[in-house]
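What follows is one structure encoded as structure tokens, with my remarks underneath.
The values are calculated or read from the model by the stated rules, or taken from the named source; none is laboratory data. As the structure is a prediction and not an experimental result, all values here were calculated from the model. For neighbour counting, all protein chains shown are included, and Cβ atoms are generated from backbone atoms with ideal geometry for every residue, glycine included. Remember, those area values only see protein heavy atoms, side chains included, never the ligands or the DNA or RNA. Shrake-Rupley method; radii C 1.70, N 1.55, O 1.52, S 1.80 Å.
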Amino acid sequence: MSKSQKMNKNEEQLFAVTGQFETPDDIMHAAEKAACRYRKFDVHTPYPVHGMDGAMGLGESPIGWVTILVGSTCMLLMLGFISWISLIDYPIVWAGKPYFNLPGYIPILFEITILTGAVTTVLVLFLIVSGFPRNNHPLHDTPYMQRVSDDRFGLCIEAADENFNEAEARALLEEMGAKDIAPIYFNPVEADAGLRLSNPIFMVFLAGVVVVVSGASYFALNRMLELPPFNWMNVQDKTVPQTLHTVFADGRSMQKPVEGTVPRGYLPEDNYKEDPDAMAKYFANPLPASQEVFELGREKYESRCSACHGFYGEGDSRLQGQYPAPPTLHSKKVVDEWNDARIYHVITYGQNIMPAYAKQLTKDERWAVVHYIRALQRSLNPKESDLQ
Amino acid sequence: MSTASHTMVYEKKALPAKVATTGWALLILGLLLGVAAFMMDALRMQFVSIILFTFLAGIGITALFMVSIEYLAGAVWSTPIRRVFEMMSSIVLFLPLFALPVVLSMGNVFEWMSPKAATDQVLINKAPYLNQPFFLVRLAVILGIWILFYVLFTKNSRKQDETRDQSLTARNIKLSAIFIPVMGLSITALSIDFLMSLEPHWFSTIFGVNFFMGSLVAALSFITIAVILLNENGYLGKGIVRDHYYSLGFAMFAGCVFWTYTAFSQGMLIWYANMPEETPWYLHRWEDGWNVITISLLVVHFIVPLFALIQRKNKTNPARMIFMSCWLIFAHMFDLYWIVMPVHSHVAKIHGPSIGLAELAAALIAIGFIVVLFQQQTKNKNLVPVGDPKLQRGLAFRL
């Protein structure tokens, strides 16, 4: 332990000679004088002292070029990207504007210039100027640094300067009236041990951080917290139209109707207006002859038909000759020759002077009326079984 | 910071006689040309007199704004050159004079005064605000307020030269706090009255800000020219350095960028929304060859100053700063031309942009007047606020 310490001690090198000043004016003059002789020197002040660049003889910082070059390059790249999207990849008319909508792009280009310019400026300062990720500096943890970050103004003449000579630098500082003049040593082994960007360990570490952070985020957000956000029940486990479906062999969610059938309510009735025989041929009464259907048929018949056809369908109109009386519904034609669909056709489209009742009666009501007429007919000509 | 090296040695010197001669020559030439232009084309001269008035009004009031913002923000860099700002803002004293030609020709230039307005439903609805008596009342109130504040600010500032009384600074700070919102509202109202109401169907809420920024840049340009010429010839004592020029250039740069920001947002939003009550204003500045003027305005008022003023070496170079100041003065006149003259073309049934003697006359009058006024102002005033408590810090200002 003690041996290695001793060894390190021996290898220590002079980094700089430092001196401290009391007022910003003093440090200004000191910097001006130091600038006459040295190039590698620095000034440390507790707060920014305006005019210091001039006093130190620093030229204009080149960092502005980084900002403007990166900013304008990214602006042009962005312009190319937006143009590619809106002219080539997915041309779409937005708000009636031309595809190449330059005024609309300008806010985006402006933002991207500022963002990339600013971020790159900071990164470049970090990486190049501050030598990030180097995390040590010979001035760290020195009494000099403690003082100049508090209430004094420090001048630090670095040994790396070609005109440097320890005794001379001390003499200059003394001549300028510096206080606490002190040399600062550093250990090059230790300094080099500090992390550098080119250090493979650091690069692997960075890559590891990227993998771990993105992996953990992915796992946390997509695996652990698999809670779909509330989506107003837009997503449900049901079959929706126009999608794939695994249950059916053809993979469609929407199945074709069985060959040769028509779904209920989808009969193309409108095509039969001029052709009652065809309707009679293709249609059948879909309703069962049940109590409710007869009740519905009676109600509709009595309110809609009985005024002309009479309560029992015998053509005994109550209109007292104001309207031509209709024929009886008990004729051989209607009873025996016409099927239900043929009567349905009369109700739906009318016949000669009888008006159509499609508007007043629904399809089911019409079929129910047909059932009721059949019942009326049978009541005049009952079967043996009906009388029991 | 240092008390020794930055102490100002100020000694009042009279400006050379040639300043007054040049000023008067420009002014008189301008007036003669103005009369000639009026004889040849009265309507054009009437419209150009709006440009002249708004140009001077904007410069006067924004120069006073610079004075007040310095007090309010506690800025030090501008303290040694504040007298120049104050002298520039003395323009407001003469504004009633320049408003007179506009007031006399109101009926010819403002559509809301024309007989057609009586049958136009939009203008009937706007009539409670846009009518001649109320217009004149507003004008009188606005100019009155500006003159009042000018007198108060400069009286305190000049008194301080003798008394060195620091409480005068405190008084001007309080005054600034009142002045700034009042100025914001009044310059907006003035720009609406004189510029926006030229096309009374149209409206834009950012218009006042845009006019304010354009005027501020022009005022800073005049101030910069004056400061550089005075300082380089030793009229401002010793102590004003290139860091001060830099700050003026920096303010001009910021003004230009903000002017563009407001002008662009106004244009882009109207273009995007594409509403029939908003777009005609831009169509009048795009059709019939006006698009050339519109694009040139963008280049003159934004692109060139952006690249010229972004560089530190230009902002600290006296010759280049003077060049850029002249450029920006032109840019502001060009901006006002762009706002006013399409209406003239429309009324006079001229197709496309045109330029006449009147515009030249207005430019000569404006510049000649400012030179003469400035020369008069320097006669019996210190060019540096020698009694200001912030003066030393202002001289020590470094970047």
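Once phi is turned into θ = phi - 60°, what whole-Hz ³J(HN,Hα) does the Karplus curve with 6.51, -1.76 and 1.60 give for every residue of region A:242-251, x standing for Gly and Pro?
6, 10, 7, 9, 8, 5, 8, 4, 7, x
Where in region B:281-324 does accessible area fall by at least 40 Å² between the isolated chain and the complete protein assembly, at a 1.4 Å probe radius?
So the qualifying set is B:Arg312.
Counting only the heavy atoms of the protein chains, how much of B:Trp327 is accessible to a 1.4 Å probe, in Å² to the nearest 10?
Accessible area of B:Trp327: about 70 Å².
Once phi is turned into ³J(HN,Hα) by the Karplus curve 6.51 cos²θ - 1.76 cosθ + 1.60 with θ = phi - 60°, what whole-Hz value does each residue of region A:309-315 show in order, with x for glycine and proline?
Values, residue by residue: 8, x, 4, 10, x, 8, x Hz.
For A:Asn352 and A:Glu269, FRET efficiency with R0 = 22 Å and r from the beta-carbon atoms, rounded to 0.05?
Computed FRET efficiency for A:Glu269 and A:Asn352: 0.65.
Please list, in order along region B:20-34, the HN-Hα scalar couplings obtained from phi with the Karplus expression 6.51 cos²θ - 1.76 cosθ + 1.60 (θ = phi - 60°), rounded to whole Hz, x for Gly and Pro.
4, 4, 4, x, 4, 4, 4, 4, 5, 4, x, 5, 4, 4, x
Take the Cα radius of gyration of chain A and divide it by 2.2 N^0.38 Å, with N its residue count; two decimals is plenty.
2.36
Starting from 0.36 nm per residue, how many nanometres of slack lie between A:Glu11 and A:Leu77 once their C-alpha separation is accounted for?
Extra length available between A:Glu11 and A:Leu77 comes to 18.6 nm.
Among the lysines, which have Cα under 24 Å from the Cα of B:Lys13 when same-chain residues fewer than 8 positions away are ignored?
Hits, sequence-local ones excluded: B:Lys155, B:Lys159, B:Lys238, B:Lys379, B:Lys381, B:Lys390.
Report Rg/Rh for the protein assembly as shown, rounded to two decimals, where Rg is the Cα radius of gyration and Rh the Kirkwood radius.
With Rh from the inverse mean 1/r over Cα pairs, Rg/Rh is 1.26.
Round to a whole number: what % of the accessible area of the protein assembly as shown belongs to carbon and sulfur, probe 1.4 Å?
Ligands and nucleic acids excluded, carbon and sulfur reach 64 percent.
Roughly how far apart, in whole Å, are the Cα centres of region B:215-270 and region B:91-115?
29 Å
Under the rule of at least 5 residues apart or a separate chain, name every residue whose amide H is placed under 5 Å from the amide H of A:Arg252.
Result for A:Arg252 returns A:His245.
Place a point 7 Å from the Cα of B:Ala42 along the Cα-to-Cβ direction; which residues of region B:332-358 have their backbone N under 17 Å from it?
Label zone hits: B:347-349, B:358.
Note the buried accessible area between A and B here, summed over both chains, with a 1.4 Å probe, in Å² to the nearest 100.
Summing both sides, the interface buries roughly 1300 Å².
Find the Rg to Rh ratio for region B:188-280, where Rh is the Kirkwood radius over alpha-carbon pairs and Rg uses the same atoms.
Over the Cα atoms of region B:188-280, Rg/Rh equals 1.17.
Would you jot down the residues in region B:365-399 that end up with at least 20 Å² less accessible area in the complete protein assembly than in the chain alone, with a 1.4 Å probe?
Those residues are B:Arg398, B:Leu399.
Which shape class applies to region A:271-387: rounded if a/c is under 1.5, otherwise prolate when a/b exceeds b/c and oblate if not, where a ≥ b ≥ c are the square roots of the Cα gyration tensor eigenvalues?
In terms of gyration-tensor shape, rounded.
Where does the charge balance sit around A:Lys383 when Lys and Arg score +1, Asp and Glu -1, over other residues with C-beta under 15 Å from its C-beta?
Taking every other residue near A:Lys383 into account, the sum is -1.
Full extension from A:Ala182 to A:Ala289: what is 0.36 nm times the residue separation minus their Cα-Cα distance, to one decimal in nm?
26.8 nm
Longest exposed-loop-site-free stretch of chain A, with chymotrypsin sites (Phe, Trp or Tyr not before Pro), DSSP loop and at most 10 other Cβ within 10 Å?
With chymotrypsin sites (Phe, Trp or Tyr not before Pro) excluded where exposed in loops, chain A gives A:1-229 as its longest stretch.
Compute the FRET efficiency between A:Asn165 and A:Val204 as 1/(1 + (r/R0)^6), taking r as their Cβ-Cβ distance and R0 = 51 Å, and round to the nearest 0.05.
Efficiency at R0 = 51 Å is approximately 0.75.
Want the number for A:Leu380 to A:Val335: 0.36 nm per residue separation, take away the alpha-carbon distance, what's left?
Stretched out fully, the A:Leu380 to A:Val335 stretch lengthens by 15.1 nm.
In region B:17-395, how does Rg compare with the Kirkwood Rh, expressed as the Rg/Rh ratio over alpha carbon atoms?
Radius of gyration relative to Kirkwood radius: 0.97.
For A:Ala16, list long-range residues whose amide hydrogen, built 1.01 Å from N in the peptide plane, is under 5 Å from its own amide hydrogen.
Amide H neighbours of A:Ala16, under 5 Å, 5+ apart: A:Ala159, A:Ile184.
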